[in-house]
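Beneath this line is the structure, given in structure tokens, with notes to follow.
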Amino acid sequence: MAESRSSSFSERQLALYLEEYYELADLIFRFGALLTLSREGGERIVDETFALLVADFVNIKTSANPTFILMSLAWKAWRKVSDEKFHEWDLPILKSMKSLYVNQRAILFALEVAGLDLREASSVFGGDEHANRSDLAEANRFLALNEIRT
């Protein structure tokens with residue numbers, strides 16, 4: 001019988017996973033929901049993100065920033081599921097965010113909600129800091145013009 005992935009973790013790794021990563025599942029769900037504009041999409045992003053994390057968890061350093069790692073993995077998960085169709089969630093904030101490009105929603109979330117800085121976000125999403133700063137400015141302009149609260 002195959003041994004489960006979690007039983008191959010050391011006690012220290014399991015504690016790190018539970019204390020530093022598992023508690024961030026809600027953050028990743030909200031990020032996924034914003035990218036997909038869907039509850040199901042948010043759940044799918046969480047599933048994919050944590051599958052990616054567990055698959056390579058033995059290589060995660062205890063000094064690594066869990067938010068940065070999970071946001072990086074969530075972006076990879078998004079790229080994996082971006083062609084899937086999800087039922088749009090009937091939440092006013094998500095409906096209003098539909099007008100923004102995915103990159104704009106992602107950079108806005110990373111800086112304003114997840115607490116990454118521009119350099120970290122640029123590392124997660126690719127592109128240069130100038131382009132990401134421009135996307136952030138456009139997203140903030142949209143929010144201000146439409147009186148949307150994040």
ask   = Taking into account only those residues within region 95-115 that are surrounded by fewer than 19 Cβ atoms within 10 Å (Cβ to Cβ) and over 20 Å from GLU129 (Cα atoms), which is nearest to the chain's Cα centre (by Cα)?
value = LYS98
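What number of residues in region 26-74 are among the aromatic types (Phe, Trp, Tyr) and surrounded by 21 or more Cβ atoms within 10 Å (Cβ to Cβ)?
Step one: of region 26-74, the residues among the aromatic types (Phe, Trp, Tyr) are 29, 31, 50, 57, 68.
Those still in the list that are surrounded by 21 or more Cβ atoms within 10 Å (Cβ to Cβ) too: 31, 50.
Number of matching residues: 2.
Only one residue in PHE31, PHE50, PHE68, PHE57 is out of contact with any Ser or Thr (no Cβ under 6 Å at 6 or more places or on another chain), under 22 Å from MET97 (Cβ atoms) and aromatic (Phe, Trp, Tyr). Which one? Break it down into steps so the answer makes sense when it comes.
On the way: PHE50 fails: under 22 Å from MET97 (Cβ atoms); PHE68 fails: under 22 Å from MET97 (Cβ atoms); PHE57 fails: under 22 Å from MET97 (Cβ atoms).
Going through PHE31, PHE50, PHE68, PHE57 in turn, the sole match is PHE31.
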note = Counting only residues that are among the small types (Gly, Ala, Ser) and under 11 Å from the mean Cα position of the chain (by Cα), region 28-75 contains a total of 5
request  = Enumerate the pairs (first residue in region 41-62 and more than 17 Å from LEU18 (Cβ to Cβ); second residue anywhere and crowded, with 20+ Cβ neighbours inside 10 Å and among the hydroxyl-bearing types (Ser, Thr, Tyr)) with beta-carbon separation below 7 Å, excluding pairs fewer than 6 apart on the same chain, so at least 6 apart or on different chains.
outcome  = GLY42/THR36; ILE45/THR36
task = Determine the pairs where a residue that is more than 11 Å from GLY41 (Cα to Cα) and of a type in the set (Lys, Arg), located within region 76-100, has a partner that is part of a helix (DSSP H, G or I) and at pLDDT 90 or above with Cβ atoms under 7 Å apart, the partner being 6 or more residues away or on another chain.
result = LYS76/LEU52; LYS80/GLU48
query = Hey, does region 6-18 have a residue that's modelled with pLDDT of 80 or more and surrounded by 18 or more Cβ atoms within 10 Å (Cβ to Cβ)?
reply = no
inquiry  = Where the second residue is of a type in the set (Lys, Arg) and surrounded by fewer than 19 Cβ atoms within 10 Å (Cβ to Cβ) and the first is without any contact (Cβ under 8 Å) to a residue 60 or more places away in the chain and over 10 Å from MET71 (Cβ atoms) and lies in region 112-136, which pairs have Cβ atoms under 8 Å and are six or more apart or on separate chains?
reply    = LEU118/ARG133; GLU129/ARG119
query = Looking at (1) on the phi > 0 side of the Ramachandran plot; (2) assigned to a helix (DSSP H, G or I), which is the one condition that is false for GLY115?
reply = (2)
Positions within region 134-150 being out of contact with any Ser or Thr (no Cβ under 9 Å at 6 or more places or on another chain), not in a loop (DSSP other than H, G, I, E, B) and not small (Gly, Ala, Ser), in sequence order = ASP135, LEU136, GLU138, ASN140, ARG141, LEU145
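The values are calculated or read from the model by the stated rules, or taken from the named source; none is laboratory data. Please read all numbers here as calculations on a predicted model, not as lab measurements. Please note: Cβ atoms are built from the backbone with ideal geometry, for glycine as well, and neighbour counts cover all protein chains shown.
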